[in-house]
Amino acid sequence: DCSWFLFLFCVFLFTLVWLYFTIIILNDFHNFNEFIFRQRKLWLDWSLVLLIGTAVLITYSAVLLVLALCLQLCGQPLKLHWLHKTLLILTALVVAAAFTGLGIKWAEEWRSAYISLQATGPFLHIGIVVGMTLLAWPLASFIYRTRNTGLKVFLLLVYCMVMIALYLAPLGITSPCIMEENQLPPKPALVGHRGAPMLAPENTLMSLRKAVDCDVQVFETDVMVSTDGVPFLMHDEELTRTTNVQDVFPERAALNSTAFNWTDLQQLDAGSWFLERRPFPTVQSLSAEDRDQVTEQRIPSLEQVLEAAKQSNISIMFDLRPENHSDYQSFVNATLEVILQSGIPLQRVLWLPDRFREQVKQQAPDIQQIYGRKRLQNEEPLLHVNLPYQNMSSEEIRQYRQDNISVNLYVVNQPWLFSVLWCSGVTSVTTNACQVLKEMKRPIWLLPSSTYLMIWIVADCTSFLVILWAFLLLRKCSQRRQSAESETDVLLTKINSLMHE
């Protein structure tokens with residue numbers, strides 16, 4: 001019973017940690033959905049499958065643990081059924097497989113989890129202290145009832161070591177949001193990831209307009225060039241995910257996007273997929289007018305987007321794809337030509353591609369060069385960098401800020417992540433959820449170090465007193481129970497002797 005109770009407790013903790021990871025990786029889960037579609041041509045919001053499966057596992061293990069604790073407090077044996085033992089082992093194996101898959105296929109999410117601790121660390125510490133403090137009651141009850149001295153000593157030592165580690169844990173907890181209110185950096189600017197993809201089909205003029213409504217300062221997109229030399233907006237190498245190319249050109253659907261001419265591209269519907277597949281839950285809340293606009297969207301040319309950006313007074317940042325194409329230099333030339341003819345102020349064009357960068361600097365020196373890497377030693381300071389949010393620590397962000405280097409991190413969708421980066425001093429973030437981050441007037445939480453120190457000390461002292469009270473109270477109850485049992489044994493002995501006489 002003791003072994004299975006410990007196993008149940010460990011499975012619950014294991015599953016609880018996986019639930020935490022599940023919530024964290026939701027920030028990046030749209031990338032996973034896109035990856036699955038490119039591999040299997042099947043669109044599904046796999047985050048729902050993940051959340052439902054995790055909820056089932058955590059609910060099952062939590063209910064079993066609560067029942068086991070109740071039995072323990074009542075002094076009853078656990079007597080776990082073989083079916084529950086089998087299901088617990090399967091739960092542990094499923095969660096272990098999930099962690100293994102995460103580590104192999106999506107290793108950058110480990111860094112995401114580390115960053116998340118900067119947002120949740122102080123609160124996780126208090127929650128774990130509370131949970132371990134409540135565990136003192138069934139532990140004390142078990143210790144006073146068992147007669148195995150070795151087991152008593154082992155459990156007490158383990159519990160004491162865990163509690164001491166928890167009491168000292170804040171010494172290692174750091175967060176950029178532990179600061180005074182007057183030290184908070186300015187709110188990061190918002191960069192619309194392919195526009196406002198939660199409100200309109202990505203990489204369309206409607207998506208750009210929705211991004212402008214969300215106070216986005218930069219429209220981030222991807223550019224490809226058609227066979228007849230027209231730069232247009234498209235992220236994927238194939239057109240199948242964001243157009244109806246399989247209906248219009250079924251025999252050519254698997255071709256690269258650059259294999260189509262501009263006349264063919266204009267025949268494609270670039271909006272209806274948004275209503276059919278619902279890449280984000282926000283699609284359900286679109287108005288009837290917005291739904292009508294969605295069905296009218298076509299693949300926009302770079303010229304059209306630059307004109308819209310010029311009228312909306314926002315900047316445009318783009319990558320040029322595919323970089324391994326044999327005609328990439330001609331793509332660069334065609335793109336530069338459109339930019340120079342558009343009349344948009346070149347300072348509002350942010351250039352991401354690395355290849356032929358020097359050529360671009362010579363032909364259009366006023367275009368802002370954005371680098372997708374960190375600066376190197378003994379290198380002239382970069383003015384702008386664009387990196388995944390997992391690749392920059394809070395310390396590096398502060399250092400770049402001091403050196404007047406603009407830092408844009410992508411893709412940031414969740415308020416907790418935006419809050420951490422805001423406190424760190426990042427210049428801007430690329431986001432799918434501009435409508436959510438727009439409404440944030442301050443980080444989710446901001447805590448002066450003196451206040452956090454006080455909370456830490458009060459929580460630890462309260463926990464210690466409650467644990468001490470639990471052990472003393474249950475010891476007294478145990479002594480009373482033993483005394484009552486002794487009196488009962490004496491009485492039964494006397495009655496037994498009288499009956500024999």
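The values are calculated or read from the model by the stated rules, or taken from the named source; none is laboratory data. The shown structure was predicted, so the numbers you read here are calculated from the model rather than taken from an experiment. Heads up, the Cβs are rebuilt from the backbone with ideal geometry, glycines too, and the neighbour counts pull from every protein chain shown. Quick note on the areas: whole protein, heavy atoms, side chains included, nothing else; ligands and nucleic acids left out. Shrake-Rupley method; radii C 1.70, N 1.55, O 1.52, S 1.80 Å.
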Original post:
If amide H atoms are built 1.01 Å from N in the plane of the peptide, which residues on other chains or at least 5 residues away come under 5 Å of the amide H of Val225?
Top reply: Phe232
Original post:
Using a simple charge model, +1 on the beta-carbon of Lys and Arg, -1 on the beta-carbon of Asp and Glu, nothing else, what dipole does the stretch 250-357 show about its Cα centre, in debye to the nearest 20?
Top reply: 300 debye
Subject >> Cα extents of the chain along the three principal axes, largest first (Å) >> reply: 118, 53, 42
Original post:
Helix 149-168 sits at what angle to the longest principal axis of the chain, using alpha carbons and giving 0 to 90 degrees rounded to 10?
Top reply: 40 degrees
Subject >> Summed side-chain charge close to Gln399 - residues other than Gln399 whose Cβ falls under 13 Å, Lys, Arg +1, Asp, Glu -1 >> reply: +1
Subject >> D (Stokes-Einstein, µm²/s), Kirkwood Cα radius, the stretch 155-271, 1.306 mPa s at 10 °C >> reply: 86 µm²/s
Original post:
What span do the alpha-carbon atoms of the stretch 189-439 cover on each of the three principal axes, reported in whole Å from largest to smallest?
Top reply: 53, 42, 32
**OP:** State, as an integer percentage, the relative contact order of the stretch 1-106 based on alpha-carbon contacts under 8 Å between residues 6 or more apart.
**Re:** 42 percent
Original post:
With respect to the cross-link table entries Lys41/Lys441; Lys187/Lys374; Lys152/Lys476; Lys310/Lys438; Lys85/Lys105, which display a Cα-Cα separation exceeding 28 Å?
Top reply: Lys41/Lys441; Lys85/Lys105
Subject >> Expected 222 nm ellipticity per residue - DSSP helices of 4 or more, -39500 (n - 2.57), all of the chain, to 500 >> reply: -18500 deg cm²/dmol
Original post:
Taking only protein heavy atoms and a 1.4 Å probe, what accessible area per residue, in Å², does the chain have with all protein chains in place?
Top reply: 51 Å²
**OP:** Let me know the Kirkwood hydrodynamic radius for the stretch 1-106, please, with Cα pairs as the basis and the value in Å to one decimal.
**Re:** 15.3 Å
Subject >> Relative contact order (%) - the stretch 315-357, alpha-carbon pairs under 8 angstrom, separation at least six >> reply: 65 percent
Original post:
Assigning unit charges at the beta carbon (Lys, Arg +1; Asp, Glu -1) and nothing else, what dipole magnitude in debye, to the nearest 20, does the chain show about its Cα centre?
Top reply: 2180 debye
**OP:** Can you check what the Kirkwood hydrodynamic radius comes to for the stretch 336-386, Cα pairs only, in Å to one decimal?
**Re:** 11.8 Å
Original post:
Nearest 10 degrees, 0 to 90: what angle lies between the long axis of helix 2-25 and the longest principal axis of the chain (Cα atoms)?
Top reply: 20 degrees
Original post:
What ³J(HN,Hα) values, in whole Hz, does the Karplus curve 6.51 cos²θ - 1.76 cosθ + 1.60 give for the stretch 253-268 when θ = phi - 60°, with x put for Gly and Pro?
Top reply: 4, 7, 6, 5, 4, 6, 7, 9, 8, 5, 5, 5, 4, 5, 7, 8
Original post:
Given H placed on each backbone N at 1.01 Å, which residues far from Gln368 in sequence or on other chains put an amide H within less than 5 Å of it?
Top reply: Val349, Trp351
**OP:** Give the carbon-plus-sulfur fraction of the accessible surface of the chain in %, rounded to a whole number; probe 1.4 Å, heavy atoms of protein chains only.
**Re:** 61 percent
Original post:
Relative to the first principal axis of the alpha-carbon coordinates of the chain, what is the inclination of helix 46-73, with its axis defined by its Cα atoms, in degrees from 0 to 90 and to the nearest 10?
Top reply: 10 degrees
